[in-house]
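Notes to accompany the following structure.
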Amino acid sequence: MRQLGDVIPRPVSVRSDPAADFAVPADVSVSAAPAAAAIADELADLLRRATGYAVPRDPGGSIRLELDDDAGATSPESYRLDIAADGVTLRAPAVEGLFAGVQTLRQLLPVKGEVVLPGGRVEDEPRFAYRGTMLDLARHFFAPADIRSFIDTIAQFKINHLHLHLTDDQGWRLEIDGWPRLTEVSGGAGTGIDGAGPGFLTAQDYTDLVAYAATRFVTIVPEIDLPGHVNAAQVAYPELTCDGEPVQPRTDAEVGYSSLCVDREETYAFVEDVIRVVAALTPGPYLHIGGDEALSTTAEDYRTFMTRVLPLPGKYDKRAIGWHEMAAVDLPEGAVPQYWRIEPTDDGVARAAAAGHQVIMSPADRSYLDMKYDDSSPLGLDWAGLVSVERSYDWDPADRLPGVGEESLLGVEAPLWSETLRSRADIEFMVFPRLLAIAEIGWTPQAARDWSSFRERLAEFGPRFEALGVTFHRSAEIDWR
Ligand code: TNX
């Protein structure tokens, strides 16, 4: 039988009551508030697979999902789970909390054998509102089916944002109305690293993906990387270079050689068009404008460009996120720098935090899922060092950067760049189990986390990943079951 605290991310409060274990009976049923019907159906389905029972929906259900909006909760994702000898009550102020609670309940189901839920009470809420990961579709395109399967798995660990890096030097992966060559040329055959990652999302694919993610309470954050990382755009539209001369497609992993032409009006017509189209396709609140590694844009040009472009997401009702280099300029209200550096450096991020901006923490030496685990990792890079499971767990985003403490953080994100990846199994190998460490950092209060507890809880997920058909790295740091 599972223990009530055997959950990742670790809940805020767990009170076990062994006298109240719930042996799920053959006539188990699920009831739910109308707004939670889809979540109840999902839970019934999970129970059906675990028990083989019929598990109908029934207003008098022994497992009840209740919405309780006067719970005085601080977060819509908070929930309270009571497991007693005669049934289960899950209560939350919003559907987000019911979904989070169902993910907890799901982890309390055994992989196989008799289904007895451990008695007691869990009270839970997230440390940060933003708990994210990122897929780089530009260096290697991954099809919607792969992205959906990824969303299914990450949502089980209460990851609630998926950032899609849609454009880079090696490819452009989202169809943009009015600019067909972006995807016809730079999403086509021969694009991606080594020419091995062709493909793109049509506007309809993207819309469907966003809607699917919403059913898993995951918000899609689209990124259009500007003003560097634009070779693919310039291959498709040579008028986006300063001299208007065609540039060659690139399939190597260099960074920092391409830049939009900051002095030309055509540049801003293009950029605003793209931002307008992406904003219109995106129901979520964020639009990521990149801004990283613009090494062939002069510092002055970079500031000119960013000062003009950063307000555009706001013009189309989105909050701008950008890699932290953008904090070199005064940011418009609501803009969020995403910090990736290894060493604390004065990039203007602390200044932005002092001015009231929220920050997303993604330090490369801890959260980059494309770094190798150890010297023997067959995939991945190592410019930010080796990132073992313990290194990905054992850090605090609130003490990474002087001047950027707990109150300044919107949350954490673990990016996965895809230079060395070719398949769904490659993604999963790099992401699991390290994303579970980041998920716990983002959800569980710092004072309630420790590595020895995490590695023990994580060990139970070996058989669970196997049952899900999810590839993972059997790190020697963990005594896998
Ligand atoms: C740095 S850090 C990048 C990406 C690369 C990645 C590889 C940052 C915002 N950009 O262009 O894909 O390293 O690890």
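The values are calculated or read from the model by the stated rules, or taken from the named source; none is laboratory data. This one's a predicted model, so the numbers in the text were calculated from it and none came from an experiment. Virtual Cβ from ideal backbone geometry, glycine too; neighbours counted across all protein chains shown. The accessibility values were calculated without ligands, DNA or RNA, using every heavy atom of the protein model including side chains. Shrake-Rupley method; radii C 1.70, N 1.55, O 1.52, S 1.80 Å.
Kindly check whether there is at least one residue in segment 68-82 that is in the same structural domain as G120 (by TED's automatic domain parsing), farther than 20 Å from Q156 by Cα, surrounded by 14 or more Cβ atoms within 10 Å (Cβ to Cβ) and in contact with a Gly (Cβ under 8 Å, 6 or more places away or on another chain).
For segment 68-82, residues in the same structural domain as G120 (by TED's automatic domain parsing), farther than 20 Å from Q156 by Cα, surrounded by 14 or more Cβ atoms within 10 Å (Cβ to Cβ) and in contact with a Gly (Cβ under 8 Å, 6 or more places away or on another chain): present.
Inside segment 380-481, counting only helices (runs of 4 or more DSSP H) that do not spill past its ends, which hold 3 or more residues that are surrounded by fewer than 17 Cβ atoms within 10 Å (Cβ to Cβ)? Give the steps one after another, and end with the answer.
Working: elements: 389-393, 424-431, 434-443, 451-459, 461-468.
Of the helices (runs of 4 or more DSSP H) lying wholly inside segment 380-481, those with at least 3 residues that are surrounded by fewer than 17 Cβ atoms within 10 Å (Cβ to Cβ) span 451-459, 461-468.
Condition first: part of a helix (DSSP H, G or I) and surrounded by 14 or more Cβ atoms within 10 Å (Cβ to Cβ). Now tell me which residues in segment 1-36 satisfy that.
Matches in segment 1-36: A20, A36.
What's the number of the only condition in (1) assigned by TED's automatic domain parsing to the domain that holds V274; (2) open to solvent by less than 10 Å² (accessible area, probe 1.4 Å) that V102 fails to meet?
The one condition V102 does not meet is (1).
Condition test on A92, is it among the small types (G, A, S), surrounded by 20 or more Cβ atoms within 10 Å (Cβ to Cβ) and in contact with a helix residue (DSSP H, G or I) (Cβ under 9 Å, 6 or more places away or on another chain)? Explain how you work it out, then say what you get.
Working: among the small types (G, A, S): yes; surrounded by 20 or more Cβ atoms within 10 Å (Cβ to Cβ): yes; in contact with a helix residue (DSSP H, G or I) (Cβ under 9 Å, 6 or more places away or on another chain): yes.
So A92 passes the test.
Any idea which of (1) open to solvent by 30 Å² or more (accessible area, probe 1.4 Å); (2) closer than 24 Å to V336 by Cβ; (3) within 16 Å of the ligand (Cβ to nearest atom) is the one A196 doesn't satisfy?
It fails just one condition, (2).
Which residue is surrounded by the fewest Cβ atoms within 10 Å (Cβ to Cβ), if the candidates are limited to segment 336-347 and must be closer than 19 Å to A414 by Cα and not β-branched (V, I, T)?
Filtering segment 336-347 for residues closer than 19 Å to A414 by Cα gives 336-344.
Remaining after also requiring not β-branched (V, I, T): 337-341, 343-344.
Details: P337: 28, Q338: 29, Y339: 28, W340: 22, R341: 18, E343: 6, P344: 16.
The extreme case among them is E343.
Within segment 232-270, how many residues turn out to be surrounded by 22 or more Cβ atoms within 10 Å (Cβ to Cβ) and under 26 Å from the mean Cα position of the chain (by Cα)?
Total satisfying the criteria: 2.
Could you please let me know if R264 is more than 29 Å from D370 (Cβ to Cβ) and in the same structural domain as L209 (by TED's automatic domain parsing)? Give the steps one after another, and end with the answer.
Working: more than 29 Å from D370 (Cβ to Cβ): yes; in the same structural domain as L209 (by TED's automatic domain parsing): yes.
Considered against the rule, which asks whether it is more than 29 Å from D370 (Cβ to Cβ) and in the same structural domain as L209 (by TED's automatic domain parsing), R264 comes out as yes.
Could you please find all residues in segment 362-379 being within 11 Å of the ligand (Cβ to nearest atom) and either open to solvent by 60 Å² or more (accessible area, probe 1.4 Å) or in contact with a His (Cβ under 6 Å, 6 or more places away or on another chain) (or both)?
none
Here is a list of conditions, (1) open to solvent by 40 Å² or more (accessible area, probe 1.4 Å); (2) closer than 27 Å to A335 by Cβ, and V218 meets all of them except one; can you say which number that is?
(1)
When you go through A189, A214, A253, A233 one by one, which is the residue that is assigned to a loop (DSSP other than H, G, I, E, B), out of contact with any Asp or Glu (no Cβ under 7 Å at 6 or more places or on another chain) and at negative phi? Don't jump to the end; show me each part of the working.
On the way: A214 fails: assigned to a loop (DSSP other than H, G, I, E, B); A253 fails: out of contact with any Asp or Glu (no Cβ under 7 Å at 6 or more places or on another chain); A233 fails: assigned to a loop (DSSP other than H, G, I, E, B).
Only one candidate qualifies: A189.
Report, by residue number, each residue of segment 127-154 that is surrounded by 22 or more Cβ atoms within 10 Å (Cβ to Cβ), among the aliphatic types (A, V, I, L, M) and either in a loop (DSSP other than H, G, I, E, B) or within 16 Å of the ligand (Cβ to nearest atom) (or both).
Answer for segment 127-154, where residues must be surrounded by 22 or more Cβ atoms within 10 Å (Cβ to Cβ), among the aliphatic types (A, V, I, L, M) and either in a loop (DSSP other than H, G, I, E, B) or within 16 Å of the ligand (Cβ to nearest atom) (or both): M134, L135, L137, A138.
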